[in-house]
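Here is the structure we will look at, set down as structure tokens.
The values are calculated or read from the model by the stated rules, or taken from the named source; none is laboratory data. The structure presented is a predicted model; accordingly, all values stated were derived computationally and were not measured. So basically every Cβ, Gly included, is an ideal-geometry build from the backbone, and we count neighbours across all protein chains shown.
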Amino acid sequence: MTPSEARVSVVVPAYNEGEHIIPVLDRLFESVHLSCEVLVVVDFAEDTTIPVAERYSMKEPRLRCLVNSFGPGPANAIRYGIKAAAAPVAVVTMADGCDDATQVDELVRLVERGVAVAAASRYMAGGQQVGGPALKSTLSALAGRSLRLLAHVGTRDATNSFKAYSCDFVEEVGIDSRAGFEIGIELTAKARRMRRPVAEIPTIWLERHAGISNFKVARWIPSYLRWYRFAFGRRLSASQIRERAARQTWRS
């Protein structure tokens, strides 16, 4: 299979994961039954993930390891990975193994049926978050549930990074995030303002048991709040979304 024949590009932003990336890759290739490519994206050529991923790719040609040229940080790595995706659907999942790889196929099929964003939700019936910092989980749950109730965004878990996206939709609206993991809420908010469908399935998120988390709550809260506010308002076209998002970026 060539990358162009893939139905899904799985984007995995990574930072000095080293050997910890192996069980994550194992689960992905065991669990994803659709034709796929897996893109591990790092920020710099010295990242400890690279030699491990390159060695893994010798037995698994569907794996590509990319060095992000958009700038440091997870938002840029995700943005670079989606831009490099050969498939019409991109799924973003974390290198820490917290996400349920068996759900990738189901998320992809929702996008293939016409939704712009398919979210794995910890906060709907059947979903759960196991472990993790209490402050982070509380803020995330409040944001997700209030956006679903008040802005009708189509998911109770707008902040979760584990989502599938129509690459055509992402190309239409662009990605403006440059800091943390807020791309999940950004693209959910943009889909809502375009009145594009968003769907969700329940997921069980498990706190990583190896390595160190790179999630920085205090530093990234302002970026999350920016996109939280953006979800509210009248319907916008893709060009209007790009214009308004650019103005917000300039002001910030």
Contact list, first residue from region 38-66 and farther than 14 Å from residue 23 by Cα and at pLDDT 95 or above, second anywhere and in a loop (DSSP other than H, G, I, E, B) and of a type in the set (Phe, Trp, Tyr), beta-carbon distance below 8 Å, six or more apart or interchain, is 42/15; 43/15; 47/15
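Residue under question is residue 169, and the condition is that it be of a type outside the set (D, E, K, R), at pLDDT 95 or above and out of contact with any Gly (no Cβ under 9 Å at 6 or more places or on another chain); does it hold? So that I can check it myself, show each step before the final result.
Details: of a type outside the set (D, E, K, R): yes; at pLDDT 95 or above: yes; out of contact with any Gly (no Cβ under 9 Å at 6 or more places or on another chain): yes.
It is true that residue 169 is of a type outside the set (D, E, K, R), at pLDDT 95 or above and out of contact with any Gly (no Cβ under 9 Å at 6 or more places or on another chain).
Residues to consider are 138, 188; find the one that is under 16 Å from residue 79 (Cβ atoms) and either surrounded by fewer than 21 Cβ atoms within 10 Å (Cβ to Cβ) or out of contact with any helix residue (DSSP H, G or I) (no Cβ under 7 Å at 6 or more places or on another chain) (or both).
Working: 138 fails: under 16 Å from residue 79 (Cβ atoms).
Just one listed residue meets the conditions, 188.
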Output for Cβ contacts, cut-off 7 Å, separation at least six or different chains, first residue modelled with pLDDT of 85 or more in region 188-216, second of a type in the set (Ser, Thr, Tyr) and part of a strand (DSSP E or B), reads 200/121; 201/121; 202/121; 203/121
